[in-house]
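The values are calculated or read from the model by the stated rules, or taken from the named source; none is laboratory data. This structure is a prediction, so every number in the text was calculated from the model and none was measured. Cβ: placed from backbone, ideal geometry, glycine included. Neighbour counts: every protein chain shown.
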Ligand SMILES: Nc1ncnc2c1ncn2[C@@H]1O[C@H](COP(=O)(O)OP(=O)(O)O)[C@@H](O)[C@H]1O
Ligand SMILES: [Mg+2]
């Protein structure tokens, strides 16, 4: 059944020349030797993303057409944030507003050119170009993105919103962005990455490398709510030092095909990590979440909860890896993936993958997939609530378990409304 | 008000109701008794519109309309209410929100305006008193972690909110201590009027000391095998169900 993926998508991929040229060329070399994933590629076996890209694009070279979108259309109402808008991969100064009082924000390319130590210590150190063809593609071709640097002992008061909008109304668009985020000791920051798009098919890759120093706190929220034509690859690697706290939210509310890699490396003691995910899929949407919690030192906690709703012909994929290294005694690691399938044609592939080399650990994992609870539906209907509202009500309550964990009230309300509206309209 | 004729229903090839006949007029209280497994809850569920059960024959007319053709929510909007034997737990949905949606959908279906937040709260406060239920309970996820008694009380609270024309109480007494039983019965009695009717499903006489029935029916193996006045309940209490079973086997 599997059409061999002709790698002509990878022809004509130009590598910009800058301070990271050597890394870029290496990545390109990896890309060609890996090839785009097929159904035989272990980490992509349920996700025929290459085939979808083949159907929709001639090449995966980054496109240069400019876009024209009013970012406000997609804004998060009332959210007081540092806002950085990118349209078709180009930083849009006019639509951005941020201050650099508490933190350093600059184009990543500039930072890498000016500060050698950043390249040496951090860049391309977490996201492995040899493990994933899309990481290699991104590393070879990225042309936009930020360095966000928070010094020690800074509580950044406002969240930072990176808003990536693709305007594919005139032509198909391919973008590649790259962010490097350094959170200093005992500092605290919340970063929101939001994706929107208009128009035709567009494909984006993003790779984020995040270093969270001792005793620091990071909230990282990914909002994928595209108008239906974005193919997207998002890879986020986070390295945590001792006593740091990380809360990740991956909210895939709309889009065409999504692949998210979220990899946490718990490289210290007393770490607290949470990964929450919510995916609401309709039509022929695909969302694949691959997560890793890698416990490298003793006495840390990781906790993961991903919930999905799949309707129509949509497809969900979840793969959750937990590694507990031999020295990581007294680890607590929990993982849960729950799915509701609303139609006969919707599918989900869920796979927990635990590799535990230490003996004194507490680990648990569970995955379920099922239909909406018929008894609960009947109960609600018997009180006069229409079947559609009852469904939406139940799904909304189900999603609420993830949404309620969002601590920023404005953001939580925004997501809450978005989810509620979508469940009432599209499910 | 409610007229059931030769109602037969099954689930997965298993015949459960084998021809039920029952006439209920406004203002009446009917008790349906019978041993476990007779089909009492099935009858209640079929009347409320549970789709799992397949109605194979018979008619049910409610206020001049064919009840069996209606979706469960339509029945509720027409005034049917079922207090569940086993109320469902719904995590993440508070009773308050649930009732607000239910009440307003019913009101809109009847051509009335939806209640605003203030009027809704007022109504809720009033009904809470009736069944002596606490606000904090109603703010919690629907029935989640409620005790058996709290669930039953919540059912009657919902009934009070929705003011049905036909209330079907399925084993509302089970799991209640005597004080809670009195409160629940008192709530039901206060909601009674000459315009609405109540079906009380139970297999103990106890509840009927507080909600006094006009008629008592014994349901056994999917049929109503005996009907009488409230004294029939006392007789069943004294003699158990064996004599009824024997009568049925002999006939
Ligand atoms: N969902 C179901 N699936 C299969 N059998 C059922 C189901 N519900 C009820 N029954 C069967 O129907 C019969 C009547 O049950 P029920 O109506 O609950 O009786 P009662 O309420 O009088 O105790 C019993 O034999 C019961 O096992
Ligand atoms: Mg029963």
Q: Considering each of A:376, A:399 in turn, give the residue that is closer than 21 Å to residue A:284 by Cα, within 14 Å of another protein chain (Cβ to nearest Cβ) and touching a strand residue (DSSP E or B) at 6+ places or on another chain (Cβ under 7 Å).
A: A:399
**Q.** Odd one out for residue B:101, checked against (1) at the interface with chain A (Cβ under 9 Å from one of its Cβ atoms); (2) in contact (Cβ under 8 Å) with a residue 24 or more places away in the chain; (3) buried (at least 17 other Cβ atoms within 10 Å of the Cβ)
**A.** (2)
**Q.** The one condition in (1) touching a residue at least 24 places away in the same chain (Cβ under 8 Å); (2) under 25 Å from residue B:201 (Cβ atoms); (3) at the interface with another protein chain (Cβ under 9 Å from one of its Cβ atoms) that residue B:71 fails to fulfil
**A.** (1)
(Q) Anything in the range B:74-85 that is surrounded by fewer than 24 Cβ atoms within 10 Å (Cβ to Cβ), within 10 Å of another protein chain (Cβ to nearest Cβ) and touching a residue at least 60 places away in the same chain (Cβ under 8 Å)? List them, or say none. (A) B:78, B:79
Q. Restricting the search to the range B:110-169, which residues are over 20 Å from residue B:181 (Cα atoms), part of a helix (DSSP H, G or I) and in contact with a strand residue (DSSP E or B) (Cβ under 7 Å, 6 or more places away or on another chain)?
A. B:139, B:162
Q. Do we find that residue B:177 is within 16 Å of ligand 2 (Cβ to nearest atom), in contact with a helix residue (DSSP H, G or I) (Cβ under 8 Å, 6 or more places away or on another chain) and farther than 29 Å from residue B:104 by Cβ in this structure?
A. no
Q) Given A:356, A:340, which one is away from chain B (no Cβ under 14 Å) and touching a strand residue (DSSP E or B) at 6+ places or on another chain (Cβ under 6 Å)? A) A:356
Q. Can you name the residue in the range A:401-427 that is touching a helix residue (DSSP H, G or I) at 6+ places or on another chain (Cβ under 8 Å) and surrounded by 19 or more Cβ atoms within 10 Å (Cβ to Cβ) and, of all such residues, is modelled with the lowest pLDDT?
A. A:427
(Q) I want to confirm something. Restricting to the range B:126-167 and keeping residues that are more than 14 Å from chain A (Cβ to nearest Cβ) and under 14 Å from the mean Cα position of the chain (by Cα), which single residue is surrounded by the most Cβ atoms within 10 Å (Cβ to Cβ)? (A) B:152
Q. If you go through the range A:223-259 one residue at a time, how many are farther than 18 Å from residue A:415 by Cβ and part of a strand (DSSP E or B)?
A. 14
Q: Would you tally the residues in the range B:19-49 being within 16 Å of ligand 2 (Cβ to nearest atom), part of a loop (DSSP other than H, G, I, E, B) and surrounded by 21 or more Cβ atoms within 10 Å (Cβ to Cβ)?
A: 3
Q: Determine, yes or no, whether residue B:52 is over 30 Å from residue A:404 (Cβ atoms), within 19 Å of the chain's Cα centre (by Cα) and either within 12 Å of ligand 1 (Cβ to nearest atom) or part of a strand (DSSP E or B) (or both).
A: yes
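Every residue, every condition in (1) in contact (Cβ under 8 Å) with a residue 60 or more places away in the chain; (2) in the same structural domain as residue A:152 (by TED's automatic domain parsing); (3) within 20 Å of residue A:47 (Cβ to Cβ); (4) surrounded by fewer than 24 Cβ atoms within 10 Å (Cβ to Cβ), yes or no:
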| site | (1), (2), (3), (4) |
| --- | --- |
| A:164 | yes, yes, no, no |
| A:168 | yes, yes, no, yes |
| A:173 | yes, yes, no, no |
| A:182 | yes, yes, no, yes |
| A:185 | no, yes, no, yes |
| A:190 | yes, yes, no, yes |
| A:205 | yes, no, yes, no |
| A:229 | yes, no, yes, yes |
| A:232 | no, no, yes, no |
Q) How many residues does the range B:209-222 contain that are within 16 Å of ligand 2 (Cβ to nearest atom) and either surrounded by fewer than 18 Cβ atoms within 10 Å (Cβ to Cβ) or not in a loop (DSSP other than H, G, I, E, B) (or both)? A) 5
**Q.** Residues being within 11 Å of chain A (Cβ to nearest Cβ) and more than 25 Å from residue B:152 (Cβ to Cβ) - total across the range B:104-124
**A.** 4
